[in-house]
Every structure is written in C-alpha cells, then in structure tokens.
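Q: Pasting a structure below so you can have a look.
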C-alpha cells in the first residue's frame, strides 16, 4: 500500500487490496475454523497438537465474539447486510459489533455517513432492526 | 478484521517425495503447504495466517537443476487476520499494569491500551488491579473492551504485530 500513515479504516482507507478482499465476520470464521478442527479431529486423536497457536487463539476468540451461532442465521446476517450497499469491511464491523442504535452504528462505522453515500438514519435503523430480528429468532 | 485471501505460493517438493502417481504428488504439495503455512505465522501485508481453506490451482512444476527438487507455483485460499488503523474491534484484557492494560484480539496478543488513551479511567491498585472511571465502569483482567486501533507495527524478527489502541470515541470501553 502506498503511504502507510494514510491508513484509516474509519474513512475506508485500508488499501485497495483489502477493500476488494473478502472480509469475514467473527461468526463466519467460527464456522470455518470449527469445521477445520473437526476435520483434524477425524485424522488424529489429539487435534490440539495439529493446529498452530494462531489457529487456536483465533478459534477461542471467534467463539467468544460470535453474535450468531446458528449457520443459517450467520448466512442471513450477510444476506441482509448485503442489501445496504456496504463495503465488505463495513458489513463485517456491523455484523461483529451489532450496534443497537443508529448513533452507535455511525460511531462504529463512520464511513457509512460519508459524503456521497446513500444511508439516511431511517435506512440504518431498518438495517439494525433486521439484524436484531435474526438474533431474536435464532 | 478476518480476511479471506487468495495467495500465490511456491511449494518445493524434494526429489525423493516425487511419485509417478499424480495423487500422491498432490498430497505432498498440500502437506508441504500446510507445514509452511503454519510455521510462517504471519506476513506483514496479509497479517496472521489462520487456516488454509482450498487449494485453487497447481501450476507447472519446474525442476531445480542441482537438487532435482521440483518447485510448484500454487494458488490457494485461506483466512487471515489483520488489524487496521481506525478499525473498531473488541478484545480481552489479559494484563493490567499501572500505566495501561494489554489486550488480545484474535491471534494478536500485544495490544496496548495506555492510561493516556483512556483519560477518564484511573488505576486502582490491589491484588487484582483495575482501571475505573467516575461512573464505576471497570476494566479488569478477563473483561471485554471495545477499542479503536491507533496504530500497528510489524515486528519482522518475531513475525508478529503490535497495536496501540484507545478509547477516545463514543461507544468505546468495557462491554458487559
């Protein structure tokens, strides 16, 4: 990336390669890592010997910080958030932190209110309600 | 933030592991790749390497002249973790010191929240030291804290990232 001091996720300046990269929500990572862990378990008796520390720490983290556990709910969260013209990065921050109010959502992802974006407060409010509904019926 | 990335990589298969049966070759490539992936730990650009998900393609192998080993360019998909400046995330406190606290977030353990970056919190010494503000909101070992990333630093020798974080925005602080 050119000029590292320019990086600022609040303004979506995170480098082109990352803006286009697919971001993953904690709950999605939990599903991927748990699946991997199960695969390893089938291959050896003690899968803990098979995984790296990075894997282990990340698995612990995403287990603690997944707002949605049910695979269908996880899929739905991405589906719903995808309707709101968010970047991958914004989508995942919202899915991870699950803000409760419009004000909180804007504080977590200031770029959604940036110039030229289409989000008014009503749209953000509807998005948060949709998210809360998934959680309720999970 | 966790990322799904596609990575080009070069896998060197020693001559003795080469087999006339193609299936074994593919297995050797995957095994070698998994090994290297785990030992590499992290890269400056992509962050921590968590897991390899799929092997997308295996290119044409090239024989190395002196050893007879074969180098295969491969492309695979994997999951990585990287913290970005300005990103808001949640971490877990693992150490409370007089001048600030250390947090972990995903695979990153060296995340420092200095006292200077949480001006309304004061250090309360004791057997189990904590930081507390006037509203009795507490930051102690094992607690979840929501923070904003001020800066990150890549340590080449340890193949690790360090991050400085703060609480200087709305809706940041301990999360119950």
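Q: Tally time: how many residues in the stretch B:134-162 are assigned to a strand (DSSP E or B), more than 11 Å from chain A (Cβ to nearest Cβ) and out of contact with any helix residue (DSSP H, G or I) (no Cβ under 9 Å at 6 or more places or on another chain)? Outline the logic, then answer.
A: Let us first name the residues in the stretch B:134-162 that are assigned to a strand (DSSP E or B), namely B:138-139, B:144-155, B:160-162.
Checking which are more than 11 Å from chain A (Cβ to nearest Cβ) leaves us with B:138-139, B:145, B:147, B:155, B:161-162.
Now restrict to residues that are out of contact with any helix residue (DSSP H, G or I) (no Cβ under 9 Å at 6 or more places or on another chain): B:138-139, B:145, B:155, B:161-162.
Summing the residues that are assigned to a strand (DSSP E or B), more than 11 Å from chain A (Cβ to nearest Cβ) and out of contact with any helix residue (DSSP H, G or I) (no Cβ under 9 Å at 6 or more places or on another chain) in the stretch B:134-162 gives 6.
Q: Which count do you get for residues in the stretch B:139-174 that are over 15 Å from the mean Cα position of the chain (by Cα), surrounded by fewer than 14 Cβ atoms within 10 Å (Cβ to Cβ) and modelled with pLDDT of 95 or more?
A: Number satisfying all stated conditions: 1.
Q: Specify which of the listed residues (B:31, B:75, B:108) is touching a strand residue (DSSP E or B) at 6+ places or on another chain (Cβ under 6 Å) and either surrounded by fewer than 14 Cβ atoms within 10 Å (Cβ to Cβ) or more than 22 Å from residue B:144 (Cα to Cα) (or both).
A: B:75
Q: Could you pull out the residue among B:75, B:63, B:79, B:30 that is more than 13 Å from the chain's Cα centre (by Cα) and within 13 Å of another protein chain (Cβ to nearest Cβ)?
A: B:30
Q: Tell me the helices (runs of 4 or more DSSP H) entirely within the stretch A:20-138 that contain at least 2 residues that are within 28 Å of residue B:47 (Cα to Cα) and away from chain B (no Cβ under 13 Å).
A: It comes to A:71-82.
The values are calculated or read from the model by the stated rules, or taken from the named source; none is laboratory data. Given the structure is predicted, the values throughout are model-derived calculations rather than measurements. Quick reminder, even Gly has a Cβ in these numbers, built from the backbone with ideal geometry, and neighbours come from all protein chains shown.
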